[in-house]
Structures are given as C-alpha cells and as structure tokens.
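Notes follow the structure.
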Amino acid sequence: MSTLKNGLLAGLKTSWTLSKIIFPITLLLVILQHTPVLPWIIELLAPIMGVFGLRGDAAIPLVLGNALNLYAGIAGILSLELTVKEVFILAVMLSFSHNIFIETGVALKVGVKLWVVLLVRFGLAAISAIVINLVWSGGSDIAKYGMAPKVSDIPEGWMEIILLGLQKASFGVLQLAMVVIPLMIIIQYLKDKQYLQKFSQKLAPFTKVLGIEPNASMTLVSGLVIGLAFGAGVMIQAVQEDGVSKKDATLVFIFLVACHAVVEDTLIFLPLGIPIWPLFLLRLGIAFVLTIVVATVWKRAEQTKRKEVFTS
C-alpha cells in the first residue's frame, strides 16, 4: 500500500512540475501559430535551407517541428512535394531537434545547462544534414507518402484561438500525467523490491562504455523508450533521489538527444516513404559516439584539474 501511495505522490508531484513547463509553452505556441510570427520565422530561415540540401519551403516543417512537435513537423512535410533525400534529411534533423521549447525546459529542470542543450540539438541537426547532403548522391525520386494528416478547422477570432490553445495545453498535461503517474508507481514498486538495483547492475557494462554511472541507467532507459518529455519524470526523480550527478545527467541527456523515444520517433517517419533503418542506426551510432567522446574529454579535463590542484 505504501508503494502505491509513494508512487502516486511522486507521479502527481512530477506531473505538476512538468505541467508548469508544458502548459504555458503549448498555449503560447498555439497562439503564435495563428499570428504572423511563425510565417516570419519561416521566411527568415528559407534562404539558408540550401546549405542543408533543402529548398526554401522546407523551413516550414523544420519550424513547426521545433516549435511544436514531430507530428506538426511531419504534417508540414506532407504538405510539400519533396524528394526522398530531402524528406530523409528533414527526418534526421527533426529527430535531433524537435519540440525544442518544452524539451529544453525539461532539460533545464534536470540540471543540464542551456548552452549544452542548444549546441547538441541544433549542432547534431545541422551537421548531420550537411554531411548527408554531401555524401548521398541518390534519393532524387519524389517521396510517396503513405498517409495524409487530418485537416482540422482553422479557428476564427482570438477567442477561438485562445480556447484551442487552452484545449491543447490541457490535453498535453493530461496526456503527460497519464504516462508519468503509472510510470512512477511502477518505478516505486521496482525500487521497493530492489529490482532497480539489479537492473542497474546488469546495465553496468553498457553505462560504463558511455562513461555514465550505473545509478543513471533507469534515466537512460526511460528516455530511450518514452522520450525526453515523458521520461523527464524519471530523470528529475533520479537526480533528486538516486544521487545521479550533474555530470551523469548531462551525459545521459546528450545520449538521449540523439536517440530518445527510439521506437516511436523512428516508426513515425514510416509513412513518409523513407528508409527508416538507416535513420535508426544513424541516431543510435551518433548517440554512442558523441556520449563516449564527451565523457572522455570531461574525464581528462577533470584529471588535468586534479593534477594542477595537487601540484600547486
């Protein structure tokens, strides 16, 4: 009974913490979507799309995906006639950088620095797009989409726009709570039965390769399976209760930026007519390499600092 109570309380507390991020940002973005602001940003970005091997109007799904979520980005892709190569580049970019406002807010709550979040997410998106554009000579056929998104009615007037924003923001919080609360109850049960400790021990070789302590394993797995926003509940609790250091939280976040919600966020691109296995392997490979490199550099910097302190 105490397990259920503690898990429920942890779930409610985490849902409340995250709702204070998700609700206002979702409301604001829905309102901005029906003002000249987003079209202005799209027009501003259009000239630089050629650097990534994309035409000007490909800025539409990029802005929608980053400002809102992957589903909005995909809706933007489906509204355009693009080549397979262009759709694949957009899919890779959006995999690394989407839902930027909410997921950045979550990362800051966990304790990851803002410059790390922005550099890693936008850096991976930009570099991967440029490299794919340079090395891939194929994909010139027009992409054949397997489905089209549902067209919703356009709200008329500020009152309808605000009501739509309130509705979407409330639904976002409710959806989050429906995932986070049961998840926290399950995690509390696993903790009480000491299954998490055994699980961490089994993942120790995997986390050791990444330069991450075993107590961060649950954070890593939750983000891999259910994503940064939904996995944030576990991440926040792990940092607060399980002694996960700021360093490990940052390394886990770097890994998860490249490869989070790995099943859903990969399969979601399936209707776009692009090869998804290369997308999956690219995300996983970059996640491993980037995290190992950052962990190695961080460790050497710490060793150098300790030597300087010791010699002085």
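The values are calculated or read from the model by the stated rules, or taken from the named source; none is laboratory data. Only a predicted model underlies this, so the values are computations on that prediction, with no experimental measurement involved. As a convention, Cβ positions derive from the backbone with ideal geometry for all residues, glycine included, and neighbour counts pool all protein chains shown. Side chains are part of the model used for accessible areas, which takes the heavy atoms of the whole protein and leaves out ligands, DNA and RNA. Shrake-Rupley method; radii C 1.70, N 1.55, O 1.52, S 1.80 Å.
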Open item on the list: List the aspartates and glutamates whose Cα sits under 19 Å from the Cα of residue 193, skipping any in the same chain fewer than 8 residues away.
Closed with: 241, 242
Open item on the list: Please list 267, 203 from largest to smallest accessible area, probe radius 1.4 Å, with all protein chains kept in place.
Closed with: 267, 203
Open item on the list: Run lengths n ≥ 4 of DSSP H only: what is the helix-derived mean residue ellipticity at 222 nm for the chain, with -39500 (n - 2.57) per run over all residues, to the nearest 500?
Closed with: -25500 deg cm²/dmol
Task: residue 116 - accessible surface, heavy atoms, 1.4 Å probe, Å² rounded to 10 - done: 20 Å²
TODO: Quick one: net charge around residue 80, please, counting Lys, Arg +1 and Asp, Glu -1 for every other residue with C-beta under 9 Å from its C-beta.
DONE: -2
TODO: Would you work out what percent of the accessible area of segment 1-122, with all protein chains in place, is carbon or sulfur (probe 1.4 Å)?
DONE: 74 percent
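Counting alpha carbon pairs within less than 8 Å and at least 6 residues apart, what relative contact order, in whole percent, applies to segment 1-86?
17 percent
Quick one: accessible area per residue over the chain, 1.4 Å probe, rounded to a whole number of Å²?
Counting only protein heavy atoms, the per-residue value for the chain is 52 Å².
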Task: Surface share of carbon and sulfur [accessible, 1.4 angstrom probe, percent] for segment 159-203 - done: 67 percent
- [ ] Take 158, 136 and sort them by solvent-accessible surface of the protein heavy atoms, 1.4 Å probe, largest at the top.
- [x] 158, 136
